[in-house]
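Participant: The structure that follows is given in the form of structure tokens.
The values are calculated or read from the model by the stated rules, or taken from the named source; none is laboratory data. It should be emphasised that the depicted structure is a prediction, and the values quoted were computed from it without experimental measurement. Please note: Cβ atoms are built from the backbone with ideal geometry, for glycine as well, and neighbour counts cover all protein chains shown.
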Amino acid sequence: LSLAQQRMWFLNRFDTESSVNNIPVAVRLTGALDLGALRAAVQDLLARHEVLRTVYPEVDGRPYQLILPVAEAAPDIDVESATEDDLLQKVTAVVSRGFDVTTEIPLRARLFELSERDHVLVFVVHHISADGWSISPLTRDVMTAYMSRAEGQVPGWAPLPVQYADFAIWQRDVLGDEDDAASLLAAQADFWKRTLAGLPDELNLPMDRPRPAVQSFAGGMVGFTIDADTHRGLAALARRTGTTMFMVVHTALAVFLARMADTDDVAIGTPIAGRGEAEVDDLIGMFVNTLVLRSRVDTGEGFSDLLARVREADLEAFAHADIPFERLVEIIDPERSTARHPLFQVVLSF
């Protein structure tokens, strides 16, 4: 397994009923549907992406990747009637059911029929075999294959240059052994030990209720808009200071959190795609990593000065982004709690 997969495997063994690491996508299909072509297209998808037909059993306590033949792995697309009123409830039920990755392939499919010419195709894939980026090649390849199969042809796509299992082996080879002082993994571990030394275990934001003893993963959503003038101002500031919009927004968020939590030490998490090689751009797989961006916020400092320091810290973090977050938690070894996320509790996904 890749290093990120190891953590996903452990979490899945801990609770196979949990859906927190499920990645769903639903596609509305309008017009005459060829169900046979759709089923063939899903088999084409599994043939193209080995990771979608991989299970993760263990031998002597260690997991390994077992890639199944397409005929053995391909999920049957169950067809279920639905109405506009109960569609969301039915889709939610499909995507909220957990996986046992030791015995089940990490992909599930369901087709909801609202009428003869109106369907919703639902996929849910476990995070051990995919990330957010993966949804684009997944849906694109299914639709490409469907169009070919509906015309009685096989998909004419070029073979993928690598498979995810190749990446997992390459990653371990490149990063090396942490016990080897000359390895890339050891060098990055040393960087993060220095960078995150003494980091507070929790950002104490004011809350209207105490944290539960065990985090529930239940959440809500509040929307707001940044108007065009403000956006232009942010973009102009980024150009003028040789930074990026991400860095400007990161700095502003750090200032806000420092004021809200009355602290000068702010850690914010951010996801990074982890696809540094063009060969993996069209590959379904678990590449994403999470970085910890630490900022020291001096209330007497000008925003531009803080932005310059954040720029340097962000670039340093991006240059040391190969070590998996799960391993980073083990290295830093913060006080563990089931009530909060380790190392940071706020994420900036830009």
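Condition check ((1) under 18 Å from the mean Cα position of the chain (by Cα); (2) in contact (Cβ under 8 Å) with a residue 60 or more places away in the chain) across all residues:
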position: 264; (1), (2): no, no
position: 284; (1), (2): yes, yes
position: 290; (1), (2): yes, no
position: 295; (1), (2): no, no
position: 308; (1), (2): no, yes
position: 324; (1), (2): yes, yes
position: 336; (1), (2): no, no
position: 346; (1), (2): yes, yes
position: 350; (1), (2): yes, yes
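Participant: Right, next: So, in the range 86-115, of the ones that are in contact with a Leu (Cβ under 8 Å, 6 or more places away or on another chain) and more than 16 Å from residue 38 (Cβ to Cβ), which residue ends up surrounded by the most Cβ atoms within 10 Å (Cβ to Cβ)?
Facilitator: 106
Participant: Still on this structure, please answer the following. Within the range 183-197, is even one residue among the basic types (Lys, Arg) and modelled with pLDDT of 90 or more?
Facilitator: Just the residues of the range 183-197 that are among the basic types (Lys, Arg), to begin with: 193-194.
Now drop any that are not modelled with pLDDT of 90 or more, which leaves 193-194.
Among the residues of the range 183-197, at least one is among the basic types (Lys, Arg) and modelled with pLDDT of 90 or more, which makes the answer yes.
Participant: Looking only at the range 172-194, decide whether some residue is aromatic (Phe, Trp, Tyr), in contact (Cβ under 8 Å) with a residue 60 or more places away in the chain and either surrounded by 14 or more Cβ atoms within 10 Å (Cβ to Cβ) or in contact with a strand residue (DSSP E or B) (Cβ under 9 Å, 6 or more places away or on another chain) (or both). Spell out the reasoning first.
Facilitator: In the first step, residues of the range 172-194 are kept if they are aromatic (Phe, Trp, Tyr); the result is 191-192.
In the following step, the residues that additionally are in contact (Cβ under 8 Å) with a residue 60 or more places away in the chain were identified as 191-192.
After this cut, where a residue has to be either surrounded by 14 or more Cβ atoms within 10 Å (Cβ to Cβ) or in contact with a strand residue (DSSP E or B) (Cβ under 9 Å, 6 or more places away or on another chain) (or both) as well, the list is 191-192.
Looking for residues that are aromatic (Phe, Trp, Tyr), in contact (Cβ under 8 Å) with a residue 60 or more places away in the chain and either surrounded by 14 or more Cβ atoms within 10 Å (Cβ to Cβ) or in contact with a strand residue (DSSP E or B) (Cβ under 9 Å, 6 or more places away or on another chain) (or both), one finds at least one in the range 172-194, hence yes.
Participant: Okay, next question. Kindly indicate the residue of the range 149-171 that is assigned to a helix (DSSP H, G or I) and without any contact (Cβ under 8 Å) to a residue 12 or more places away in the chain and also surrounded by the fewest Cβ atoms within 10 Å (Cβ to Cβ) among those meeting that condition.
Facilitator: 169
Participant: On to the next question. Name the one entry in 28, 53, 39 that is crowded, with 20+ Cβ neighbours inside 10 Å, out of contact with any Cys (no Cβ under 7 Å at 6 or more places or on another chain), more than 30 Å from residue 216 (Cβ to Cβ) and modelled with pLDDT of 95 or more.
Facilitator: Criteria check complete, one pass: 53.
Participant: Tell me whether the range 65-85 contains one or more residues that are surrounded by fewer than 19 Cβ atoms within 10 Å (Cβ to Cβ) and in contact with a Gly (Cβ under 9 Å, 6 or more places away or on another chain).
Facilitator: There is no residue in the range 65-85 that is surrounded by fewer than 19 Cβ atoms within 10 Å (Cβ to Cβ) and in contact with a Gly (Cβ under 9 Å, 6 or more places away or on another chain).
Participant: Can you work out which of the residues in the range 247-288 that are exposed (fewer than 15 other Cβ atoms within 10 Å of the Cβ) and part of a helix (DSSP H, G or I) is modelled with the lowest pLDDT?
Facilitator: 278
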